[in-house]
Each structure stands twice: as C-alpha cells, then as structure tokens.
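Peer 1: Before I ask anything, here is the structure I am working with.
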Amino acid sequence: MNCNIVKDLIPLYIDGCCSEESEKVVEEHIKDCNECKKFCEDMNAPSDIFAVSKLPKTFSKLNDWKASVLQSVLLFISFALITIGVALEARTPYGLTNGFWAFNIVIPSTGFMLSLANWYFVRIYKNKKSFSNYSLITTIAITICAYIWSIFHYEINFLELFAGNDFANILEILWALLLLNGIGILLTIAFCALSKILSNQYAKMLGKE
C-alpha cells in the first residue's frame, strides 16, 4: 500500500479509531516499511510538551491569584483605616482637635489606597524595580497633595500661627505640630515602605524580572 495512505491511517491507528481491517493494513505495512514504522513510533512516543507547558500555566494562574489577593487585602486595610479615621473625625467637628484624625489616619491611608491604582498598570513597566520605584513616588506624591489640600480645607494659616513669635517659640510650635501629627507621619512612612516592598513582590508574582 502507498506510504502516504498508511501515514494518514497511522494517527487513527494509534488512537484506536480505525477499523480492524485498517489496523491490519497498517500493521502489515509497517512490518516491511522502516520509514512508516519510524513514523508510527515517533507519533506513539510520549510527549513532554503538555507536561512542560501545563506547569507554567498553572503556576502563572496561582501567582495571578496571589497578586490579586495581596492587592485586595491592602485595599481593604486602607479603606478600613479611612472609615475609622472619618468616624473619629466626625466626633470632633469643632475645636482644636478638629482635623486631628484626618491628618493622622485619613490622609495617609487615602494616599496609600489611591496609589494602589498604579498597580493595575504593572504590565506597562519594564521591570519590577521601576514599578516599585514609581509606586513609592506615587504614594508620596498623592499623600503630599492630600496634606496640602487639607491645609486649605481646615484653613490653617501658618503666617498667623507663627506671627509675633521669636525663634524659640517657633521651634516650640513646630515641635508641638510634629507631636500632634506624629501618628500621621509614622503612618505615612510605614505606607511608603509598604508601597516600595509589596509592589516589588506584587510585580514578581506577575512575572516581572
């Protein structure tokens, strides 16, 4: 029989999908034809392609899931802190303590939460280092903008605050402001560090080198 016809039958023969007559034809032919016999053996040989390609695909899906969970957890934590800060701030609508919780909890948490939007664009960055650096810069920039906005919102006039004071008094006022907003400063530093470290890990999960 023509080798081309037998080669067409061999895939069906290997899969057990051809008739008994076709099986006999193939078996008789490959006894005497070394070319078709090798062709049949090559097709019947176990393939490693599926095993090799399946593992990275499964691994990639697992990492995508981990990255999604990480981002979701960070969004939840920052949103929870914002909610707590707003609730505490609502209890002090007037007086000297007005704005305390906004500066110390709401603003740092908002800056971090909004910076997480940059994580959705991780694939446009060349590598995890550049993504990590830009995530840090984004967190700092948004937080600073939020603090500036809050200064105008709460109508804080530093000129009036420092007017008529000598250098020693100005230092005391600055120290008092530092203590008053110490929680916010520490929280901002913590969020910036988290942004740098976790964004690097996030990019690594998604296959960035």
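The values are calculated or read from the model by the stated rules, or taken from the named source; none is laboratory data. As the structure is a computational prediction, the values presented were derived from the model and not from experiment. Note that we place each Cβ from the backbone using ideal geometry, even for glycine, and neighbour counts take in every protein chain shown. Surface accessibility is based on the protein's heavy atoms, side chains included, excluding ligands, DNA and RNA. Shrake-Rupley method; radii C 1.70, N 1.55, O 1.52, S 1.80 Å.
Peer 1: Going through region 109-142 one residue at a time, which ones are of a type outside the set (A, V, I, L, M, F, W, C) and open to solvent by 50 Å² or more (accessible area, probe 1.4 Å)?
Peer 2: Of everything in region 109-142, those that are of a type outside the set (A, V, I, L, M, F, W, C) and open to solvent by 50 Å² or more (accessible area, probe 1.4 Å) turn out to be Tyr120, Arg123, Lys126, Asn127, Lys128, Lys129, Asn133, Tyr134.
Peer 1: Which one is modelled with the highest pLDDT among residues in region 146-170 that are open to solvent by 90 Å² or more (accessible area, probe 1.4 Å) and either part of a helix (DSSP H, G or I) or aliphatic (A, V, I, L, M) (or both)?
Peer 2: Ranking the candidates gives Trp149 first.
Peer 1: Do you know which residues across region 87-108 are open to solvent by 20 Å² or more (accessible area, probe 1.4 Å) and either touching a Pro at 6+ places or on another chain (Cβ under 9 Å) or outside any helix (DSSP H, G or I) (or both)?
Peer 2: Arg91, Thr92, Pro93, Tyr94, Gly95, Leu96, Thr97, Asn98
Peer 1: Consider Leu74 against the criteria (1) under 17 Å from Leu194 (Cα atoms); (2) loosely packed, with under 13 Cβ neighbours inside 10 Å; (3) aliphatic (A, V, I, L, M): it satisfies all of them except one. Which criterion is unmet?
Peer 2: In the conditions (1) under 17 Å from Leu194 (Cα atoms); (2) loosely packed, with under 13 Cβ neighbours inside 10 Å; (3) aliphatic (A, V, I, L, M), Leu74 misses (2) alone.
Peer 1: If a residue has to be open to solvent by 50 Å² or more (accessible area, probe 1.4 Å) and either in contact with a helix residue (DSSP H, G or I) (Cβ under 6 Å, 6 or more places away or on another chain) or not in a helix (DSSP H, G or I) (or both) to count, how many in region 175-199 make the cut?
Peer 2: 2
Peer 1: Surrounded by fewer than 15 Cβ atoms within 10 Å (Cβ to Cβ), hydrophobic (A, V, I, L, M, F, W, C) and at pLDDT 75 or above: which single residue out of Ile10, Ile49, Ile84 fits that description?
Peer 2: Ile84
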